[in-house]
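The structure appears below as structure tokens.
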Amino acid sequence: MELRVSPRRIFRPLLALLLFSSANILSGAHAQTPAPDTMAARMMGCAACHGAKGEGNGAYFPRLAGQPPDYLFHQLQAFRGEHRKYPAMNYLTSYLTDDYLHEIAAYFSAQKPVVPAGKPATAVATAAVLERGRTLATLGDAARGIPACASCHTASFTGRLPGIPGIIGLPHDYLSAQLGAFRTGVRHAIAPDCMQQVALKLSDTDIGAVSAWLSAQPVPRDLSPAPASAEALPLACGSQTDGQTDGQAAARPAAQARPR
Ligand code: HEC
Ligand code: HEC
């Protein structure tokens, strides 16, 4: 989605909502009793794109609900620092503190809406393409050094604490755009950026196939990520071992704290 007008002009009211609580702005002087200033009220501005409880819109806007809190925090930080680019998100996060970004991340991570089921992918992919996607996702391609997506994102693709996102319940176009962005370096994660290393090995055909297969899978009711584990990942991921941003590194399994 390209924005032709300045995001500042479009999103200023939304930012005000975030900073000063929706209750006072929406109810204004007419309110008899002001609505409570809750996170749910403040996050109403996000609902227009991400759904009432962060379930996503099924077309492009990603699901936030149930994603690991550190993962969401890293993304909000990345948008704020423009390491990840999307004008609305860059603008909305530009004035927010780390503490507030943590609060937002915790709020959406704890939401448990029913996420719309994946759509059958027959329109975008043939059976052979879907099979290629399934193979990449579940087994990888050893000959080309591509680890299975499941080896990090887990067999149910619901992700792993603290920093590996679920990749189920996300739309086809969103998945393929993110894989493309990692590959070209438009999007990057905390070093070592394992996801970029994976994406660099994927061809356009691979990206199309794995996005088609993943987005067509039934969405589990429970989207909770797996607990953190000391089991080694096929590549070191900074997002999973990073300790500077949330102070929880000491509590994490030592085996994950690999040298960068
Ligand atoms: C105008 C629509 C819009 C609004 C409003 C909006 N977002 Fe987003 N958001 C997006 C889009 C589109 C993306 C994906 C951008 C991309 O392609 O990288 C995104 C991405 C995100 C991500 C990263 C998700 C992931 O899986 O990596 C987070 C977290 C997020 N938004 C949080 C919020 C929060 C919190 C609010 C409210 C304060 C908000 N967004 C408001 C459109 C919006
Ligand atoms: C070595 C571990 C590892 C492997 C293997 C891996 N990923 Fe990831 N992936 C990650 C991490 C870590 C992140 C979060 C990066 C960040 O913090 O932005 C991520 C992020 C993503 C995202 C962004 C999700 C969102 O909501 O924006 C997508 C999409 C994705 N991976 C797809 C895949 C696919 C498809 C494969 C298999 C071809 C794969 N990944 C293999 C570790 C991995």
task = Assign unit charges at the C-beta atoms only (+1 for Lys and Arg, -1 for Asp and Glu), then state the dipole size of region 121-256 relative to its Cα centre in Debye, rounded to the nearest 20.
result = 80
query = Roughly how many whole Å is it from the C-alpha centroid of region 210-240 to that of region 136-150?
reply = 14
note = Residues of region 75-102 with backbone N under 18 Å of the label point set 7 Å from the Cα of residue 188 along Cα→Cβ are 75-86
remark   = In region 40-155, taking the dipole from +1 charges on Lys and Arg beta carbons and -1 charges on Asp and Glu beta carbons about the Cα centre, the listed residue (47, 91, 133) farthest towards the positive end is 133
inquiry  = If I model a spin label as a point 7 Å beyond the Cα along the Cα-Cβ vector, how far apart are those points for residue 114 and residue 156 in nm?
reply    = 1.8
task = Pull out the extension gain between residue 103 and residue 142, defined as 0.36 nm times the separation in residues minus the alpha carbon to alpha carbon distance; nm, one decimal.
result = 10.0 nm
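Since every read-out is calculated from the coordinates, none of them should be taken as a lab result. Bear in mind that the values here come from a model prediction, so they are computed numbers and not experimental data. Positions of Cβ are backbone-derived with ideal geometry, glycine not excepted, and every protein chain shown enters the neighbour counts.
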